[in-house]
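Inspection log for the structure reproduced underneath, given as structure tokens.
The values are calculated or read from the model by the stated rules, or taken from the named source; none is laboratory data. Values in this document were obtained by computation on a predicted structure and should not be read as measured data. Here the Cβ positions follow ideal geometry from the backbone for every residue, glycine too, while neighbour counts run over all protein chains shown. For the accessible areas, the whole protein counts, side chains as well, though only heavy atoms, and no ligand, DNA or RNA atoms are used. Shrake-Rupley method; radii C 1.70, N 1.55, O 1.52, S 1.80 Å.
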Amino acid sequence: MTVVEEFRIAVAAAAAELAGPELLPERLARACARVLPVDGAGICLFFAEDRRLPLGASDPAASTAERLQFTAGSGPCLSAHAEGRPQVADEVTIRSRWPAFYDGLVTRTPIRGIISLPLGDELRDIGALDLYTVPPNDVTALSLADALDISAEVTSTFRAHGQATRRHSDTPVWLDAPSAERRSIVWQAMGFLNSGLDVSSSDALAILRAHAYGYGEDLDQLARRVVDGEIPLERLALDHDSAS
């Protein structure tokens with residue numbers, strides 16, 4: 001049996017627990033982690049400059065790693081998207097290339113290796129698959145050819161489900177993934193800063209990132225606190241001014 005055939009069986013099996021069409025990305029992530037010699041997986045889209053939308057993760061550690069890359073604004077997935085080619089990064093590489101991301105990764109997860117692959121076809125330039133390893137497993141255990149075959153199957157599955165299940169807005173139902181809904185809180189928080197502090201969207205995101213990194217939070221958690229009024233905009237403004 002090929003790795004792609006194993007993947008299809010794993011996706012079908014995951015549907016028993018994750019039945020909704022909006023949970024397709026999580027089913028795919030779990031199947032990736034099951035059939036490949038990795039410890040976790042995550043899938044995301046880049047729908048605008050510097051706006052990374054998580055679709056699904058296989059487990060809490062993979063989900064945390066995704067949020068940490070977004071908080072730091074750097075990491076293998078962002079580089080795979082920017083460069084349009086796979087990134088295979090062991091712990092030494094992560095520490096040297098993306099130090100801000102590395103600090104959070106080793107503090108908050110057991111993950112020490114990441115393989116990031118751009119998705120293809122209609123998701124080219126906007127989609128990526130992250131594969132995570134935990135010691136004693138490492139990135140050298142994974143065949144890049146197998147990983148690329150699985151990433152192609154992920155794209156093919158998204159395409160098939162997107163054609164079969166469309167909402168009234170003509171967008172795939174799997175874009176309603178719970179993790180994507182949670183990330184939308186960040187865009188709301190940026191809007192608060194846009195109007196309340198009279199800053200651009202890029203500056204608003206930079207302020208939120210700096211505050212999240214400085215206080216050891218991830219950006220999604222911080223955004224919820226901003227939207228809920230737990231962190232006054234004046235405090236963010238003061239932190240921004242003091243750092244300038």
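In the calculated pair distance distribution of the stretch 2-51, what percentage of Cα-Cα distances lie above 11 Å? Display every interim value, and only then the final one.
Details: 823 of 1225 pairs.
Taking all Cα-Cα pairs of the stretch 2-51, the fraction more than 11 Å apart is 67 percent.
Rounded to whole Å and sorted largest first, what semi-axes of the equivalent ellipsoid does the C-alpha gyration tensor of the stretch 142-231 yield via the square root of 5 times each eigenvalue? Could you put the intermediate results ahead of the total?
Numbers: eigenvalues 225, 73, 25 Å².
Taking √(5λ) for each Cα gyration eigenvalue gives 34, 19, 11 Å.
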* So what's Rg/Rh here for the stretch 1-90, counting alpha carbon atoms and using the Kirkwood radius for Rh? -> 0.99
* Structure fact -> Once all protein chains are kept in place, Arg124 shows an accessible area at probe 1.4 Å, nearest 10 Å², of 140
* Give me the distance between the Cα centres of the stretch 215-240 and the stretch 82-99, rounded to whole Å. => 29
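Quick one: if you take sqrt(5λ) for each eigenvalue of the C-alpha gyration tensor of the chain, what semi-axes come out, biggest first, whole angstrom? Kindly include the intermediate steps, with their values, before the conclusion.
Numbers: eigenvalues 192, 93, 42 Å².
Largest first, the chain gives 31, 22, 14 Å.
Give, as a single signed number, the net charge of other residues whose beta carbon lies under 11 Å from the beta carbon of Gly216, with Lys and Arg counted +1 and Asp and Glu -1.
On the way: positive: Arg108; negative: Asp103, Glu217, Asp218.
For residues surrounding Gly216, the net value is -2.
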* Kyte-Doolittle mean at least -0.5, axial Cα span of 24 Å or more - DSSP H helices of the chain -> 144-164, 178-197
* Kindly provide the helix-only [θ] at 222 nm of the chain, computed as the sum of -39,500 (n - 2.57) over DSSP H runs of four or more divided by all residues, to the nearest 500 deg cm²/dmol? => -17500 deg cm²/dmol
* **Phi to ³J(HN,Hα) by Karplus 6.51 cos²θ - 1.76 cosθ + 1.60 over the stretch 84-92, Hz, x for Gly, Pro** => x, 8, x, 10, 10, 10, 7, 4, 4
